[in-house]
Structures are given as C-alpha cells and as structure tokens.
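Structure, as structure tokens:
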Amino acid sequence: MIAVVKPGLLCTVQDAGRPGFRAFGMPVAGAMDRLALAAANLLAGNEPGAAAVELTLAGGAWRFEAPALAAVAGADLSATLDGSPLPAWSSFLAPAGSTLAFGAARAGVRAYLAVRGGVAVPPVLGSRSTYTRAAVGGLEGRALRAGDRLPVGRPAARPPPPLALGPGETPPCGGGARLRVLLGPQEDRFTEEGIATFLGTAWKVTPQNDRMGYRLDGPPVRLRGGADVLTDPILPGAVQVTGSGLPIAMMVDCHTAGGYAKIATIAGPDLRLLAQARAGDEVRFAACRQAEAVAALRAERAWLDGLARRVARAAGGRAGLRRAR
Amino acid sequence: MIRLLPQGEGGITVELGTAVDPAVNARVHALAGAVTRRLGAPVLEVVPSYASLLVIFDPLAIPRARLVRRLAALAREVAGTAAGPPRRVVRVPVCYGGELGPDLEEVARRAGVPPAEVVALHAAPVYRVYLLGFTPGFPYLGGLDPRLACPRLDSPRLRTPAGSVAIAGPQAGIYPVESPGGWRVLGRTPLRLFDPAPGASRPFLLAAGDGLRFVPVEREAFDETARAVAAGAWRPEVER
C-alpha cells in the first residue's frame, strides 16, 4: 500500500486510457503525458500502460507502507525520498515507511509516480484511469485525498535495479512548445487569413486549462460563417475554435463529440507537450503532413523500445549478478 | 455528398451529411457496422454521431490513403440505407413534474398548454438515439414534438441529478450522471443509463441507433423501480 500523506493539487490514478467506449460517450481519459507514464512504468519494471499516479504541479507527499521499487517521470516536481533529491526521470528503492515528497514545480506540469506491480485499483471497462466528471475508475472515481491508501499489484517481471535518465536523455518537458498539427477536419470553415493567424501566432496558454481542454489566447481566428457545426466526434488533440475566434485544444478527458469547428488536430506525439505547458507559456502550431506525424509516432515508439531494452538488460544483469553470488 | 476528412494522423471523419436526418443517421450506423465487420484490426474504434462517423485507426498498421479508399467504398455501399424502424425500443419510465421535474410548469407556460399536455406530447413519440455523448451514456434523442421546443435555461444549473429527463431546442435527452446542465428538466427516470460499477456487464442502458419511448409513471412506481434498480433486480423493458 501507498498512503497519501498530502494529496497535492490534483493527483489521480491514470493508465493508458479507456478506449473502446467512445460510441457510448465515454471519454478515453488516461495519462495526459502518455510518454512519461510509459517511461515511469518501464523504470518501475511494469508494462508501459500500467496504472500510476498522475501528479499536477504540486505533487504532495506519499508514504510507502511496504518496500517498493518506484519511479517518477515527466515534470520535474522536485521529488525527494526521505529528504534526498531524486532525478526527474528515475526509479528508486523506497524502504518501508519512507516518504516521497514533492516541492516546487521546476519544469512541466504533470509527473507520474509508478510503483512496481502497478496501482491495483479495480479496473472499470478495462481501465483503471480516473474520469472524475463521471466518478469512474481510479479510487472511487475521484482525485486522491489525504489518508487514502493505494493498493499495489503483484509484479510480473523481474525487478530492474534503480535507474536514472541523464539530462540529455529525457524528452522535452515544460515551457513553450512547437506543436505539429494536421489541418482539418473542418479547416474549410476558416478563411485563408484565419488559418494564417492560427499557424502564425504565439498562443498564450490561459489559466482555463485542465484535463478536458486548454483555452488559448491570441488574436481571433477568422471563420467563414459561424463557429457551430453539427455535433460530431472529436478526439484529444482536436483544436476547436469558438465563436470568439479563440482556440481550445481538446485533451484526454474531452467529450466524445463537440459542436465547434475544428481547424486542426495536434499530432499524437506532440499532445504531451501541451499537457506539460502551464498558464502563461506560449505554444505555436506548425502544419505537418501525415508522413511527418507518423514518423514522429515511430520515433516515440523507438525511444520507448530503447528504454524497455535498457531496463531489461539492467534487470538481467542484476539477476545474473545475484546468481554469481 | 460524402467527405473523408482527417482528424489527426490516426483519425478519419467520414461525413455523410450535415443535418439531423433519420436517414443520414441510419447510414452512419450502417457504416459503423460495416467498418467494424469488414476492416478488422487496423481500425481501433468507430464513433458515430448525427451525420458523421469517426474511424480511429493505427497509422503504423495501415497507410491512411489505403484506409480512405476502403472507407469511401463502404460509404458508397451504405448510401442506399433507409431509416427503418429502430432494432429495439427501450421503454423508459418517467415521473414528471414536481421536485423531479422542476421545469415542467415553465415549459407548459412557454408552449401555452397545460402540464399534462406537455407530458402527453413528450411521451407520445418513439425517439431515436442519434448518438451518445456529453457524459457517458447521455442519449441525444431526435423526435421531440416541435411544440415543446424551447431554449436552454438562461443560466445552467450547477447540478442536474442523474436520471433527469430534459429537453433543449429540438433535442431531448437524459442525464446519466449528476452534472451541470442547461437543459429544461421535465421529470426523472429511476433507471441507470450508466452503471460504472467495476465488473458491471451492461454499463450502458442505451446504444446509438436504439429507439426510446418515455412511459409516464406515478411517484410510487418510480420509487418501486428505483429500489429494484438499486437491488440489481431490474431488467430493461424492450419493444422489438
């Protein structure tokens, strides 16, 4: 069990999401930064999509009731284990009774706390992800509170030793970002000038940002006619433009359908960059083609495969060492 | 006109129309079925709406251009699908007015008819579930009597209880979970449209493409059904 000593700002159990039920209006939810979730899990000796805790800006404090191999990845929230600093993308052995605490958010917004065996809350529709708006998944469908205790699952694989990614090895996380987008599905609802504004502006992230969507501020994007379309399906990454001309980027908790014109869709691998941006940060959109987005997806998979191999090698080596003794 | 529009590297919106129309919606559902049956693994999920189908796929498993060609061919195949009767009609009991239907009187005033007539008009049609969205299991229903059409509340309620049966403009719907809402609430159903209990085998009462009929019930019957639902002893009443 992991006990929540201090809950932080918004800590929820998340995994790789709950696909398969969008036709019933069920948002996919899951980790906002899927790459950081996968990295934390691999470092902790789990499958990349296992359930972990998503921390938001203020990471709170956690006590390990039993010894555990755990990992953090994603935003740098100044993690310490019993007072000793931990690198932002690393795994560590937490002794029974030890306290993992977080301090200032130095870079990025969302960090993932993974523990070997995964967070073992009961799955709902195939996923442990928390979707708070319908009180689904996670721990009672809600954000974690002080006094909560999280069950930890039985580990499958051989434990890797603690590892830390060097500063040059970690994916970018936090601050301004250039987000690749594929124009459409409704770019024909915008004037040429409107599309130029969309692609040419340094958009400011507003405080109206959460797991459902990020409202951006800048000059209005001109539409042809109105912003309303007949309600149709939307995916995380879709950028809707409301009647005010301002964009809203849909995030993982977004509704399954929406009624505003969608000018573009953020390429899958770049959505995490927006999830790690905070109010005041500036983001730009850059049009890309299918081939470029698919190449980015391949590069992301390759990075994770590389990390998985490194962890497996380390685990094998360690076991070999133990046998030799 | 059929349009195939990109939604990110792993999505294609197949737009079969741009209006709320039972025939177009029937084609959307026919296409959803055909895609699921015939395209297999590279397609991860299909999401129907009023007039469009979103096809979510793995772009590392199939090139977009090839999937677009196959989708276009399937879209042409379903072009002749007519809006037949729904495959099933789910009967949904509703206790109208009073504390369970706080907007019934106001809707009656706006429509210029007595509240009992609003109930009769609301319970008369077989509605069509065009899509589920907003919250898990929320049905967007077509078929509301135009005499009942009225605008949303000027300021949305912070809490609309689960089971609230409501209308807005030409639309009718039911709130599956407590949520903020600007629709006008005529009554409440004791049924659970969405039951997220871990391991629940039927988490959603309705599916897009279903028919739905509202059945007025008194408070006593409402309470009785609510108890049966809570005890897990309730089975949906379906007309086929």
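The values are calculated or read from the model by the stated rules, or taken from the named source; none is laboratory data. Predicted model only: the values in this text are computed from it and were never measured. Virtual Cβ from ideal backbone geometry, glycine too; neighbours counted across all protein chains shown. Note: accessible area is taken over every heavy atom of the protein model, side chains too, but ligands, DNA and RNA are not part of it. Shrake-Rupley method; radii C 1.70, N 1.55, O 1.52, S 1.80 Å.
Considering chain A as a Gaussian network with a 10 Å cut-off on Cα pairs, which listed residue, A:Ala134, A:Ala73, A:Ala249, attains the greatest mean-square fluctuation? Of the options given, A:Ala134 has the highest mean-square fluctuation. Overall, chain A carries a charge dipole of about 1120 debye about its Cα centre when +1 sits on the Cβ of Lys and Arg and -1 on the Cβ of Asp and Glu, all other atoms neutral.
Under 10 Å, Cα contacts only: if you run a Gaussian network model on chain B, which one of B:Gly137, B:Gly173, B:Gly40 comes out with the highest mean-square fluctuation? Its mean-square fluctuation being the largest, the pick is B:Gly40. As a ratio to 2.2 N^0.38 Å, the alpha-carbon radius of gyration for segment A:177-288 is 0.93. Taking a point 7 Å from the Cα of B:Asp21 along the Cα-to-Cβ direction, the residues of segment B:75-90 with backbone N closer than 17 Å to it are B:75-84.
A simple rule links phi to the HN-Hα coupling: the Karplus curve 6.51 cos²θ - 1.76 cosθ + 1.60 with θ = phi - 60°, which for segment B:106-111 gives 5, 5, 4, 4, 5, 7 Hz, with x for Gly and Pro.
Cα centroid separation, segment B:193-240 to segment B:23-96: 26 Å.
For segment A:156-231, applying the loop criterion from DSSP together with a ceiling of 12 other beta carbons within 10 Å to the trypsin sites (Lys or Arg not before Pro) yields A:Arg224. Note that chain A presents 38 Å² accessible area per residue, ligands and nucleic acids not counted, probe 1.4 Å. Between amide H atoms placed 1.01 Å from N, distances below 5 Å from B:Thr160 occur with B:Ser179, B:Gly181, all of them 5 or more places distant or on a separate chain. Take the Kirkwood radius over Cα pairs of segment A:83-140, plug it into Stokes-Einstein at 4 °C and 1.567 mPa s, and you get 91 µm²/s for translational diffusion. Taking R0 as 30 Å, what FRET efficiency do you get between B:Ala197 and B:Arg91 from their Cβ-Cβ distance, rounded to the nearest 0.05? FRET efficiency, B:Ala197 to B:Arg91: 0.85. Rolling a 1.4 angstrom probe over the protein heavy atoms with all chains in place gives chain B an accessible area of 43 Å² per residue. Rolling a 1.4 Å probe over the protein heavy atoms of segment A:126-262, with every protein chain left in place, gives an accessible area that is 50 percent carbon and sulfur. The A and B chains share an interface that buries close to 3200 Å² of accessible area, total over both sides, probe 1.4 Å. Summing charges over all other residues whose Cβ lies under 10 Å from the Cβ of A:Asp188, with Lys and Arg as +1 and Asp and Glu as -1, gives +2.
Highest mean packing comes first when the peptides B:154-162, A:89-97 are listed by Cβ atoms within 10 Å, giving A:89-97, B:154-162.
Neighbours of B:Val229 by Cβ distance under 11 Å: Lys/Arg scored +1, Asp/Glu scored -1, total 0. Of the residues in segment A:211-240, those shielded by at least 10 Å² of accessible area once partner protein chains are present, compared with the chain alone at a 1.4 Å probe, are A:Leu230, A:Thr231, A:Asp232, A:Pro233, A:Leu235. Near A:Gly60, once Lys and Arg are set to +1 and Asp and Glu to -1 for all other residues with Cβ below 13 Å from its Cβ, the sum equals +1. Using the rule -39500 (n - 2.57) for each DSSP H run of four or more residues, divided by the residues of the protein assembly as shown, the 222 nm mean residue ellipticity is -7000 deg cm²/dmol.
Which of B:Pro136, B:Pro216, B:Pro63 ends up with the largest GNM mean-square fluctuation for chain B, with Cα atoms connected below 10 Å? Fluctuation is largest for B:Pro63.
Between B:Arg37 and B:Val68, the FRET efficiency from the beta-carbon distance, with R0 = 30 Å, is close to 0.95. Using a Förster distance of 25 angstrom, determine the FRET efficiency expected from the C-beta separation of A:Glu282 and A:Ser244, and round it to 0.05. Given R0 = 25 Å and the Cβ-Cβ separation, E is 0.85.
With labels modelled as points extended 7 Å from the Cα through the Cβ direction, what inter-label distance (nm, one decimal) is found for B:Val113 paired with B:Glu99? Calculated label separation equals 2.8 nm. Every Cα-Cα pair of segment B:3-80 was included, and the share exceeding 16 Å stands at 41 percent.
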